[in-house]
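The values are calculated or read from the model by the stated rules, or taken from the named source; none is laboratory data. Keep in mind that this is a model prediction, so the values were computed, not measured. Neighbour counts run over all protein chains shown; Cβ positions are idealised from the backbone, glycine included.
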Amino acid sequence: MSHISDSQFQELLDDNLNERQSKLFLRHIWDCPQCREEWQIYRQLKKTLMQEPVVPLSNHFTDDTMASLPSRLPRFIIQRWIIAVSSLSILAGIGALYYFRDILKRIVLTNAGFESPLLQLTSILSTIGNFILRIGGDQVVLFLIACFALLLIGLLDKKVFQRRTKHSFQVINGTL
Amino acid sequence: MNQPTDTRALINQIRHGNRDAFRTLVEQNKRLVSHVIYRTAGHINDHEDLCQDVFIKVYQNIHKFREDSKLSTWIAQIAFNTSINYLRKKRPSLYEDESRILATYETNEDLPDIQIEKMDRNQRIAKAIDSLPLQMRTVITLYHLEEMSYKEIGEIMNMPEGTMKSYLFRARKKLKNVLSQELELKDIQP
């Protein structure tokens with residue numbers, strides 16, 4: 001067997017080799033004075049590297065750090081999934097208004113005499129729905145919806161999905 | 001990444017404004033932060049201030065921690081970035097030197113030799129570590145002192161695992177040569 005290379009020594013040092021390879025190398029190290037010397041140096045090096053360096057941190061470091069913290073955490077934490085769900089709700093709302101625009105129009109016309117803010121809002125939304133249709137047609141609306149859907153998928157934290165899915169599987173399998 | 005239950009509880013308590021929980025977090029991670037700052041920024045007067053900055057950032061951004069990595073990895077990542085930004089702002093010349101040293105290492109393994117004759121072994125190793133490029137000495141510290149994996153170190157330094165392994169191997173080879181020189185010196189001394 002030829003001499004052990006630096007990278008092989010280091011793999012051995014990190015316990016990255018399988019049992020057979022380790023035995024083979026260790027046997028060679030035992031037989032070869034040159035490799036034995038190299039191996040001892042690597043082991044010494046590892047021992048030295050695992051010793052803690054002198055890193056000065058005062059005894060009152062934690063107290064000082066606590067004293068320098070802002071008085072309170074940011075109050076409004078907008079998480080991505082909240083943005084995504086809100087966007088989805090708005091999109092579903094606009095979609096519903098657009099889909100039922102004729103019914104809404106009828107409601108507005110029937111209640112034309114009433115000046116309630118809700119009816120005014122309904123009227124405005126209904127007009128927006130019709131306006132979108134007139135400008136671009138159905139395809140544009142569908143395209144916009146597809147874009148929004150892609151945006152939502154991107155916004156949604158995949159980890160939320162993964163965690164929920166994993167949790168569901170655990171519940172289903174009875175492991176939770 | 002599944003956090004240990006106590007770590008998750010700690011994070012939740014901090015998110016709900018429990019400052020004692022944050023004190024525990026500081027106690028648990030100050031050694032790690034100090035090591036990362038020490039190895040990246042070197043011997044600086046602002047060492048403790050920089051460590052404090054790291055924990056303030058951790059406190060202000062704890063709600064952004066997405067638990068897809070270990071908490072300690074995330075904290076070390078903040079420490080590493082804080083240190084890099086410090087070097088860029090306060091000591092741009094040193095930061096440029098770091099880039100130059102690393103670039104030189106890419107082509108030459110035997111740089112730079114240091115004055116080692118009058119030091120004991122640990123001092124020589126420490127001096128040799130200081131002479132390594134920033135990335136290499138950070139990898140050495142995180143791997144051996146904090147016992148982190150290549151993956152975790154890669155996350156902290158935003159580099160591939162393979163690069164981390166390559167840095168570690170080349171750094172240790174260099175340090176081994178320093179130790180070898182020491183032994184040779186001993187051999188020739190009467």
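Some values worked out for this structure:
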{"quantity": "Enumeration of residues in the stretch B:158-172 that are surrounded by fewer than 23 Cβ atoms within 10 Å (Cβ to Cβ) and closer than 15 Å to B:Arg39 by Cα", "calculated": "B:Leu168"}
{"quantity": "Which numbered condition A:Leu57 misses (of (1) within 17 Å of B:Arg172 (Cβ to Cβ); (2) within 10 Å of another protein chain (Cβ to nearest Cβ))", "calculated": "(1)"}
{"quantity": "Extreme residue, farthest from the chain's Cα centre (by Cα), among residues of the stretch B:135-152 that are facing chain A (nearest Cβ under 10 Å) and in contact (Cβ under 8 Å) with a residue 60 or more places away in the chain", "calculated": "B:Leu145"}
{"quantity": "Hits in the stretch A:14-45 - residues which are among the polar types (S, T, N, Q), in a helix (DSSP H, G or I) and within 14 Å of chain B (Cβ to nearest Cβ)", "calculated": "A:Gln34, A:Gln40, A:Gln44"}
{"quantity": "Checklist (1) touching a residue at least 12 places away in the same chain (Cβ under 8 Å); (2) outside any helix (DSSP H, G or I); (3) not charged (D, E, K, R) applied to A:Pro70, failing item", "calculated": "(1)"}
{"quantity": "The stretch B:16-52, residues that are assigned to a loop (DSSP other than H, G, I, E, B) and within 14 Å of B:Arg137 (Cα to Cα)", "calculated": "B:Gly42, B:His43"}
{"quantity": "From B:Ile44, B:Ile75, B:Ile56, residue being at pLDDT 90 or above, among the β-branched types (Val, Ile, Thr) and within 16 Å of the chain's Cα centre (by Cα)", "calculated": "B:Ile75"}
{"quantity": "Output for the stretch B:153-170, where each listed residue is without any contact (Cβ under 8 Å) to a residue 40 or more places away in the chain and of a type in the set (A, V, I, L, M)", "calculated": "B:Ile153, B:Met159, B:Met164, B:Leu168"}
{"quantity": "In the stretch B:125-134, the residues that are within 11 Å of another protein chain (Cβ to nearest Cβ) and surrounded by fewer than 20 Cβ atoms within 10 Å (Cβ to Cβ)", "calculated": "B:Ala126, B:Asp130"}
{"quantity": "Hits in the stretch A:40-59 - residues which are farther than 30 Å from B:Asp46 by Cβ and within 43 Å of the chain's Cα centre (by Cα)", "calculated": "A:Tyr42, A:Arg43, A:Gln44, A:Leu45, A:Lys46, A:Lys47"}
{"quantity": "Selection from the stretch A:33-91 of residues that are closer than 23 Å to B:Ala128 by Cα, modelled with pLDDT under 85 and of a type in the set (Ser, Thr, Tyr)", "calculated": "A:Thr48"}
{"quantity": "Hits in the stretch B:44-53 - residues which are more than 9 Å from chain A (Cβ to nearest Cβ) and not acidic (Asp, Glu)", "calculated": "B:Ile44, B:Asn45, B:Leu50"}
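Residues checked against (1) within 24 Å of A:Ser58 (Cβ to Cβ); (2) without any contact (Cβ under 8 Å) to a residue 12 or more places away in the chain; (3) surrounded by 16 or more Cβ atoms within 10 Å (Cβ to Cβ):
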{"residue": "B:Asp6", "(1), (2), (3)": "no, yes, no"}
{"residue": "B:His16", "(1), (2), (3)": "no, yes, no"}
{"residue": "B:Val58", "(1), (2), (3)": "yes, no, yes"}
{"residue": "B:Lys70", "(1), (2), (3)": "no, no, yes"}
{"residue": "B:Ile78", "(1), (2), (3)": "yes, no, yes"}
{"residue": "B:Asn85", "(1), (2), (3)": "yes, yes, no"}
{"residue": "B:Lys90", "(1), (2), (3)": "yes, no, no"}
